[in-house]
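The values are calculated or read from the model by the stated rules, or taken from the named source; none is laboratory data. Quantities reported herein were computed from a predicted structural model and do not represent experimental measurements. Don't worry about glycine lacking a Cβ; one is built from the backbone with ideal geometry, like all the others, and counts go over all protein chains shown. Accessible surface areas use protein heavy atoms only, side chains included; no ligands, DNA or RNA. Shrake-Rupley method; radii C 1.70, N 1.55, O 1.52, S 1.80 Å.
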Amino acid sequence: MKQSLVAATGVLFGIASFIALISFMTGLNQLLDGLVMNRSPHIRIYNEIRPSDEQPIERAGEYAESQNFVRSVRPRETGQAVRNSAAVIEALRKDPRVMDVAPKVSAPVFYFSGSTQIAGQINGVEPLIEKHLFALQDYVMEGDLRELKNSSNGIFLGKGIADKMMLQCGDIIQVSAAGGDPFVLKVIGILQFGLADVDDSQSYTNLRTAQQLLGVSSSYFTDLQVKLHDISLAPALAREYAQQFRVDTLDIQTANAQFETGTTVRTIISYAVGITLLIVAGFGIYNILNMLIYEKMDSIAILKATGFSGSDVQRIFLSISTMIGVSGGIAGLVVGYGLSAVIDQVPFETQALPTIRTFPVNYNMTYYIIGMLFSLVTTYIAGIFPARKAARIDPVIIIRGK
Amino acid sequence: MSQPALEARNITRYFHDPVTFRVLDQVSMSVARGEFVSVIGKSGSGKSTLLYVLSTMDTDYEGELLLDGSRLTGRSGSELAAARNEHIGFVFQFHYLLSEFSVLDNVMIPAQKLQRYGPAEVSKRAMERLDWLGIADQAYKMPNQLSGGQKQRVAIARALINDPLIIMGDEPTGNLDQKNSDIVFDIFRRLTREQGQTMLVVTHDGDFARRTDRIIELEDGRVISDGYEGR
Ligand SMILES: Nc1ncnc2c1ncn2[C@@H]1O[C@H](COP(=O)(O)OP(=O)(O)O)[C@@H](O)[C@H]1O
Ligand SMILES: [Mg+2]
C-alpha cells in the first residue's frame, strides 16, 4: 500500500513536471511566435525592383530564336508601388480564404529635430486595420491609434527615435522623404516593439499623411499585407496571387523559416524532457510492482490454490498498476496545473517585451490529455510485465517452501 | 454405492533436480464421500508431493486423476483452477491469510471467485462458517490480530466457504501446539460426522492419524498400507 503510494507519487512528479514544463515552453513559444508572427502578414504583396524578365531584343522577330547576351542590364524603373492596387485589394477582400488586407506605404525618410537628423522609415498604415490584424495596440506605449487614424499631421514614433531626439508626445518633428521637402508632423504616440533595430528607425502615420509626404496619389501602396484564415495556405496562395496579379509575393513561412525551426526545437525539448520524466516514473512503477509481487508471493499462491487462474491474478496486478496510473496521473495534472499557475505569477519584465508582466503559460487542454494518456500507457506497460510474472507463479513451489 | 469423491490411478511422478528420481511410484488410492482419511509416512516419503498432484496444482505426473468420477488429467490450467475453486478446499501448515483483508473478507475470497451467491449471501455464509468454528466474534478483525490457532480456524472456514466436495490438508496442525491441534482435529471430526464432509489430511502426527477413519501409509513413494487399522 505504502509502495503504491510511492509509485503514484513518481507518476505524479512525472506528469506534473511534464505539464508545467510544456505549458511554460509552449507559452514562451506562443509569445515569441506572437512577437514575429502576429506582426507579420501571412502574405506580403509588393513590387520588387529588378530587371525585366524579357529584354527588348527577345521581342524582335529576327533574334527571337537566338541566344542573346545583354550586358549591363539595369533594373527597369517601375516605382515601388503595387500595380493596379485598387483592383487587387478588391479581389483579395472577396477571396473567402482571406481574413483581411492592410495596405501600407513605407518609405525611407529622415527625421529632423533641432540639429539632430536620423535616417529611418515611415509607415503609412490604416491604424485600426493594423490594430485588428497585427496587434499594433500591444506595442503602443503612449497615444491612441484612433487619434492616429483621424489626424492629418500626427505621427507615432519608435521609442528609440523619441529617446534619441528627446521628443515627447505633443512635440514637433520634421520628416522628409528622399528628395522631398520637410514635412512638419506632431508626435502623438510612442511605439515600442522590443527590437532595437525597429524602435530606432520606424515611425507610423496614417496612409494619407505618408502618401502626402511622398507626394503620391491615394492609390499608391508599397505593400499589401494579407492575413489569411488558415496560415498554412500562405505559400500556395502567395504563388497563386503572384501569377494572378503579376506581383511579387512573400509568404510568412518563407520569410520566417529559421523562426519555425526554433519553435519546433523548443517543443521537441519539452516533450523529450516530459517523456523522460514519465519513463523514469514508469521504471519506478515497474520496480515497485516487482517488489510487491515478491512480497505478495503467499497471497498469489493461496489465490491460485483456491481457484483463481493466472489471468485473474494478472488482472489484479494490472488493476493495481492502473490505479497507480490513474491516481498519480490525476494528482499530477492537478499539481501540474498548480505549478503552471505559480509560473504564471512569477514577474517577468523585460524591455524587449513591453506588454508582458509575468512568465507566459499556455493552458492548453491537449497537454493535459496527453499527460493523462501517457501516465496510463506508462503504468500499463510498467505493470504488464510484473503482472505476467505473477500470473506464472507456481503455487506449489511457494507452499512447499513454507 | 456412489462413486468415490477422489480417485488416483497409478500416479507416478519424477523429480529431475539434481538427479532424476521417482518420488511417487504407481500410487493408486481413492477417497469415498464422507470419509476422513489421513496419509502418513516418514519425512521425504512423498506425502506432500502426492497431495499436490491430487489437488490438481501439480500436473507434471503420469497416471490418472478423477474428481467425483470426472477425469481431471490433461485439463487446462484454468479448467483445473475452476475445479479447485468449486470442489476442493485447502488447509496448509501455514494459514495464508491475506494481511490487508479482514477475517470475514478472507473467508469470502473463494466464493467471490465462484460467484454462485450474491455478496450479501456470501457474507452470511462466511459468518455461518466462522460461527461453526467458534470464531464469529473475530470476523471484523485483521488476521494479524489473531492467535495462530485462530488463524488456522479462519483458514478452515475459507476452505469450507464453497461447500467443497473434499478438503485437503497438508500438515494442518504442523504449526500448532497440542491444544490447538486438538481443536483443529475436533473440528475436522465434527465436520465429517455432522456434515458428511470428505477429508484427506497429510500428517506426520501419528496421534492425529490414529483418530481418523482410515490411514494410508507411504514409503519411498509407494503405498505400503491402506486400511482401517486406526480407530
Ligand atoms: N521441487 C523439488 N525438486 C526436487 N526434489 C524435490 C522437490 N520437492 C520435493 N522434492 C523431494 O521429493 C521427496 C518427497 O518430498 P515431499 O513430498 O515433500 O515429502 P514429505 O511431504 O513426505 O515430507 C523428498 O526427497 C524431497 O527432497
Ligand atoms: Mg511434506
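Would the stretch B:183-192 turn up any residue that is farther than 24 Å from residue B:45 by Cα, within 14 Å of chain A (Cβ to nearest Cβ) and more than 16 Å from ligand 1 (Cβ to nearest atom)? The answer is no, given that none of the residues of the stretch B:183-192 is farther than 24 Å from residue B:45 by Cα, within 14 Å of chain A (Cβ to nearest Cβ) and more than 16 Å from ligand 1 (Cβ to nearest atom). Taking the stretch B:28-71, which residues are open to solvent by 20 Å² or more (accessible area, probe 1.4 Å) and within 13 Å of ligand 2 (Cβ to nearest atom)? Result: B:40, B:42, B:43, B:44, B:48.
Listed here are the helices (runs of 4 or more DSSP H) enclosed by the stretch A:232-347 that have at least 1 residues being touching a strand residue (DSSP E or B) at 6+ places or on another chain (Cβ under 8 Å) and away from chain B (no Cβ under 14 Å): A:234-245, A:252-255, A:310-345.
The single residue among A:356, A:381, A:397 that is farther than 30 Å from residue B:47 by Cα, open to solvent by 80 Å² or more (accessible area, probe 1.4 Å) and either away from ligand 2 (no atom under 16 Å from the Cβ) or touching a helix residue (DSSP H, G or I) at 6+ places or on another chain (Cβ under 9 Å) (or both) turns out to be A:381.
For residues in the stretch B:212-231 being buried (at least 18 other Cβ atoms within 10 Å of the Cβ) and charged (D, E, K, R), which is nearest to ligand 2 (Cβ to nearest atom)? Spell out the reasoning first.
Going through the stretch B:212-231, the residues buried (at least 18 other Cβ atoms within 10 Å of the Cβ) turn out to be B:212, B:214-218, B:221, B:223.
Those still in the list that are charged (D, E, K, R) too: B:214, B:217.
Values: B:214: 19, B:217: 14 Å.
My answer is B:217.
Are any residues in the stretch B:1-42 in contact with a Gly (Cβ under 9 Å, 6 or more places away or on another chain) and among the basic types (Lys, Arg), and if so, which ones? Of everything in the stretch B:1-42, those that are in contact with a Gly (Cβ under 9 Å, 6 or more places away or on another chain) and among the basic types (Lys, Arg) turn out to be B:9, B:13, B:22, B:33.
Hey, could you check the stretch B:130-174 for residues that are farther than 19 Å from residue A:306 by Cβ and within 16 Å of ligand 2 (Cβ to nearest atom) and say which is most open to solvent (accessible area, probe 1.4 Å)? Applying the filter and picking the extreme gives B:174. Look at (1) in a loop (DSSP other than H, G, I, E, B); (2) surrounded by fewer than 14 Cβ atoms within 10 Å (Cβ to Cβ); (3) out of contact with any Asp or Glu (no Cβ under 9 Å at 6 or more places or on another chain) and you find that residue A:81 fails only one, number (2). Against the list (1) within 16 Å of ligand 1 (Cβ to nearest atom); (2) more than 14 Å from chain A (Cβ to nearest Cβ), the condition residue B:17 fails is (2).
Looking across B:162, B:180, B:175, one residue alone is away from ligand 1 (no atom under 13 Å from the Cβ) and in contact with a Leu (Cβ under 8 Å, 6 or more places away or on another chain). It is B:162.
Go through the stretch B:5-27 and count every residue that is of a type outside the set (Asp, Glu) and open to solvent by 20 Å² or more (accessible area, probe 1.4 Å).
At the first step, the residues of the stretch B:5-27 found to be of a type outside the set (Asp, Glu) are B:5-6, B:8-16, B:18-24, B:26-27.
Of the ones still in play, those that are also open to solvent by 20 Å² or more (accessible area, probe 1.4 Å) are B:9-10, B:13-16, B:18-22, B:26.
Adding up the residues that qualify gives 12.
Of all residues in the stretch B:164-172, none satisfies being without any contact (Cβ under 8 Å) to a residue 24 or more places away in the chain and of a type outside the set (Lys, Arg).
Just checking, how many residues over the stretch B:193-205 are open to solvent by less than 10 Å² (accessible area, probe 1.4 Å), within 16 Å of ligand 2 (Cβ to nearest atom) and more than 14 Å from every other protein chain (Cβ to nearest Cβ)? First the steps, then the outcome.
Start the filter on the stretch B:193-205 by keeping residues that are open to solvent by less than 10 Å² (accessible area, probe 1.4 Å), which leaves B:198-203.
This time we only want the ones that are within 16 Å of ligand 2 (Cβ to nearest atom), so: B:200-203.
Adding the requirement that they be more than 14 Å from every other protein chain (Cβ to nearest Cβ) leaves B:200-201, B:203.
Number satisfying all stated conditions: 3.
If I ask for residues that are closer than 16 Å to residue A:202 by Cα and either crowded, with 17+ Cβ neighbours inside 10 Å or charged (D, E, K, R) (or both), which ones from the stretch A:119-137 would you list? A:120, A:122, A:123, A:124, A:125, A:126, A:127, A:130, A:134, A:136 - these are the residues of the stretch A:119-137 that are closer than 16 Å to residue A:202 by Cα and either crowded, with 17+ Cβ neighbours inside 10 Å or charged (D, E, K, R) (or both). Mind checking whether some residue in the stretch B:83-102 is away from ligand 1 (no atom under 16 Å from the Cβ), more than 9 Å from chain A (Cβ to nearest Cβ) and among the basic types (Lys, Arg)? Within the stretch B:83-102, none of the residues are away from ligand 1 (no atom under 16 Å from the Cβ), more than 9 Å from chain A (Cβ to nearest Cβ) and among the basic types (Lys, Arg).
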